[in-house]
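The structure appears below as structure tokens.
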Amino acid sequence: MDYSELDKVRRRAMPLQLDVVEAFAAGRLSRREFIQRATVLGLSMGSIGMVIAACSSTSSSPSASGAAPSQAASAAASSAPSTAPSAVAGGKIRIAIQRPVSIDPVGMQDLGGYGITAQSFEFLCTLNSAGNDIAPGLALKWTPNADGTVWTFDLRQGVKWHDGSPFTADDVVASMERLVAAGNSGLKGILPPGGAVATDANTVTFTLTGGNGNFPYLVSVFNAQTLITPKAYVAGTTLDKVPAGTGAWKLLTYNQQSGATFERNPDWWGGTTPLDGTEWIFFDTVGPMVTAYQGDQVDAIVQFDVLSGASLFDDPNFSIIATEAALHRQIWMRVDKGQFTDKRVRQALAYTFDRPALIQQLFKGRAQLGNDHVIWQGYPYFDPSVPQRVQDIPKAKQLLSDAGVTNLKATLYAGQLLEIPDLAVLLQSQAAQAGITLTPSVESLDTFYGAQWCPADPKDPPCSGAQELGIVDYGHRATPDVYLNAALKSKGIWNSSQYASAAFDAAFTEFQTAVGVDAQKTASGKIETILNDEVPIGLPYFYNYLAGNSKKFSGVYSSALGQMFFSATSQV
Amino acid sequence: MARFISRRLLLSLITLWLLTTIVFIIANVLPNDVGRTILGPFAPQETVDALNERLGTDRPIIVRYVDTILGVVTLDFGESYVTGQAVLPQLAAAIGRSAKLAGLALLITIPLAITAGLYAARRRDRPADRGIVLLGVTSSSIPEFVTGTILVVVVGVQLRLLPVLATPPPNADIPTQIRYLLMPATAMAIVYFGYIARMTRAGTIEVLQSDYTRTAMMKGLTTGQTMRRHVLRNALIPTVAVIAVQIGYLFGGIIAVEKIFNYNGMGQTMLFAAQRKDIPMLTAGAIVIGVVYMVATLAADMVMAWMNPRIRLDVER
């Protein structure tokens, strides 16, 4: 341990940053967790490298400890184009993407919209080139105060909008106000109206309702609507109606029926992109995307599932981007009425899940075990001490017997999306081993959401009209706040199970206000324990986000939210 | 002839009104509310209510019905609930795409199928006839999405002879557009070939057995003259009727082919509108398809009336 180097960082770190440094120095965080947490908290890349080097006991040489700084440096430089040695400048890449429903940056809800808008607009915190964390975007640096209630973002200078006007702090403030007014699910309850203030042309200060150590994620690529739009934008403006942006690509054409094209932004702050432009082709299902790639009519696919894209895994000319992510399915069970009010019955159903088999059959192994709570293993505060629930049919039968339940029959409602219908069938057969008869009922997603998962009536409490049992999909979130707040907190807006637990609510509040690593892990551990025990939702897996591109191109990277980036892409 | 046409037009207007009413009723009894469907399940309820108010979906059903009828009359179908854009231009684009695909499919099918049907009828019960009948039955039995998939895999992916996606690049010239549409059009042509060929064969056999055909031959007309002057215009009457019905289906019913080839014709547009409860688009689309059916059957009736004057004389009497 090189204490003199460590002290250099300690002296200039803010309290929250110091907490992370100490946690890493004490061995409570892995290197990966430390880099992730420190980046979020705004510790500079140089400081991160110094800490890692200082704490490395057997290898203090720059080359050995350089792995972390270069990784961090690559994260910082992720937005700048890098051309591979054998790269060919020019040309276009053709991308298959789900048809966007809306390209209104504030109101969009679908991956198609996220992917298209992220070509022209940018985030304060963008995606790193590894595709798994945030990196400086329109903000170069961000710093919390001592308790994480105030965050100061230093903006990148010299950035211009596509029309040549300068990007300023006023644009950021206006964008945030629009998001807060629209009730953005990531910022709701965290950033109040008027909470974003431009302290000067290049600095924005965010004053939050309470301490929050994860705030940079909430204004990052992982909160897809937090794209920074021009001050003059009004709510409801779509990218095609008023093309704008600070990003590497300028929208040329947009047709919701067929696709979109972008051309290079010659004034982009990140430099000149190797490619001249991008062409996006819209699809409604994955099958034709795969066929189009095989027929050499597209070069990249923004998202595909394992079953529809099975042939891509064996294609030596296709490069798969597999991102471990918090994408998951929740099997909600009504705790307030119906057949699942008894905790033992819910546990019994959870004990019938053969999770490894589900992962193998549905994802060919490309998923991670879930333990009936929403804290994904990839979160830095994940507590691994909660025992993993495994299939135990005798225990399931015993629990049912203890609860006095025999011949349990229920309809399992689900939406027609990716592997969910297959999941419903597999759960049916697994539950049958314990004498539970599930009857899958699969509908189109539009009908399912409004009729089974969270009907609009009755309005209070929200989702109180939900069916007693069903499967719902959740996209990736960089922090679990949205899952915890909306799906599980008492009277949450997506709380189909009608779960209402004072202990859970208290643990969630503790988690939200925790600003140190240890405190977050402690609170997270409580949440995992409570949810694993009470099982308002079954959660068998977190699956990988799959995207990919032809090996004729390099430098493509993607988030788990449908945003694919081509600023560093070139033909090989 | 004028009375015949005007009577048919009047009937078409009544049909159009009935169609609009039925579509409106169906669209308004589908589950889910429009604002929620557009904004998604995560939008705040106040925002959903505000959108419903803006779109007018919270108005009484009678008011909305009258609005719909007026919209049909003035060709103002309003704005799409999903995209916020005017319905008519979007629909016109989708119709254009469907028309191109349907047109190419018919261009391939009709001459081939009629020729095959006539050829088979003249060689009744001989190997050529049996072969064509068998081919026709087989090709009609295979759904177009199966032939489409086979074509995509073999012709598009393995042999790379034709593009697998049917949408050509913007401003593509006609040969390029034909190249892109050839596979889906062929998939459809294979299915309809059998149906039209067998109908032509049956009609021709009946006419060949008639007294006037026998008289023509005995008068000394050559086979070719007999076929052209007497047989064809009588034999093809049922075929014309069948083709007219198929035109309407080709415009709005080939969702499977459109999905396989990622072609945004009327089928996909209507399916999307139904899923999203985009009532203006749904209503307008259903009416347009109805109009296509009516125009096609009216045109077919006029062709049949020209081919066989007894048809229009019967009506006019």
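The values are calculated or read from the model by the stated rules, or taken from the named source; none is laboratory data. Remember, it's a predicted structure, so these values are computed and weren't measured experimentally. Heads up, the Cβs are rebuilt from the backbone with ideal geometry, glycines too, and the neighbour counts pull from every protein chain shown.
For region B:71-94, how many residues are within 14 Å of chain A (Cβ to nearest Cβ), more than 24 Å from the chain's Cα centre (by Cα) and assigned to a helix (DSSP H, G or I)?
0
Considering only residues that are within 14 Å of another protein chain (Cβ to nearest Cβ), part of a helix (DSSP H, G or I) and within 21 Å of the chain's Cα centre (by Cα), which ones fall in region B:150-178?
If the condition is that a residue be within 14 Å of another protein chain (Cβ to nearest Cβ), part of a helix (DSSP H, G or I) and within 21 Å of the chain's Cα centre (by Cα), then B:Q177 is the only one that fits.
Which one is surrounded by the most Cβ atoms within 10 Å (Cβ to Cβ) among residues in region B:95-138 that are more than 22 Å from B:G265 (Cβ to Cβ) and polar (S, T, N, Q)?
B:T115
I'd like the residue in region A:463-481 that is more than 14 Å from chain B (Cβ to nearest Cβ) and more than 21 Å from the chain's Cα centre (by Cα) and, out of all such residues, is surrounded by the most Cβ atoms within 10 Å (Cβ to Cβ).
A:L469
Is it the case that A:P380 is assigned to a loop (DSSP other than H, G, I, E, B), at pLDDT below 95 and under 27 Å from A:N485 (Cα atoms)?
Spelling it out, A:P380 is indeed assigned to a loop (DSSP other than H, G, I, E, B), at pLDDT below 95 and under 27 Å from A:N485 (Cα atoms).
Give me the residue from region A:270-285 that is more than 12 Å from every other protein chain (Cβ to nearest Cβ) and hydrophobic (A, V, I, L, M, F, W, C) and, out of that set, nearest to B:L271 (Cα to Cα).
Here the answer is A:W280.
Within region A:147-176, can you find the residues that are under 22 Å from the mean Cα position of the chain (by Cα) and outside any strand (DSSP E or B)?
Of everything in region A:147-176, those that are under 22 Å from the mean Cα position of the chain (by Cα) and outside any strand (DSSP E or B) turn out to be A:G148, A:V172, A:S175, A:M176.
Kindly evaluate B:R97 against the criterion of being basic (K, R) and in a helix (DSSP H, G or I).
yes
Quick one: in region B:233-257, of everything that is without any contact (Cβ under 8 Å) to a residue 24 or more places away in the chain and part of a helix (DSSP H, G or I), which residue is nearest to the other protein chains (Cβ to nearest Cβ)?
Result: B:I255.
For region A:429-447, which positions are surrounded by 16 or more Cβ atoms within 10 Å (Cβ to Cβ) and either more than 14 Å from chain B (Cβ to nearest Cβ) or among the aromatic types (F, W, Y) (or both)?
A:Q430, A:A431, A:A434, A:G435, A:I436, A:L438, A:P440, A:V442
Please enumerate the residues belonging to region A:247-261 that are crowded, with 21+ Cβ neighbours inside 10 Å, within 14 Å of another protein chain (Cβ to nearest Cβ) and touching a residue at least 24 places away in the same chain (Cβ under 8 Å).
A:Q256, A:S258, A:A260
From the set of residues in region A:320-359 that are part of a strand (DSSP E or B) and at pLDDT 95 or above, which is farthest from the chain's Cα centre (by Cα)?
A:M333
Considering only residues that are of a type in the set (A, V, I, L, M, F, W, C) and in contact (Cβ under 8 Å) with a residue 12 or more places away in the chain, which ones fall in region B:296-308?
Hits for region B:296-308 are B:A296, B:L298, B:A299, B:A300, B:M302, B:V303, B:M304, B:A305, B:M307.
Conditions (1) within 11 Å of chain B (Cβ to nearest Cβ); (2) surrounded by 18 or more Cβ atoms within 10 Å (Cβ to Cβ); (3) more than 20 Å from A:P540 (Cβ to Cβ), marked per residue:
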| site | (1), (2), (3) |
| --- | --- |
| A:Y449 | yes, yes, yes |
| A:P461 | no, no, yes |
| A:Y483 | no, yes, no |
| A:K491 | no, no, yes |
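If we keep just the residues of region B:258-289 that are over 28 Å from B:G203 (Cβ atoms) and more than 14 Å from chain A (Cβ to nearest Cβ), which is farthest from the chain's Cα centre (by Cα)?
B:P280
May I ask you to list the residues in region B:200-224 that are in a helix (DSSP H, G or I) and within 15 Å of B:I237 (Cβ to Cβ)?
B:T200, B:R201, B:A202, B:G203, B:T204, B:I205, B:E206, B:V207, B:L208, B:Y212, B:T213
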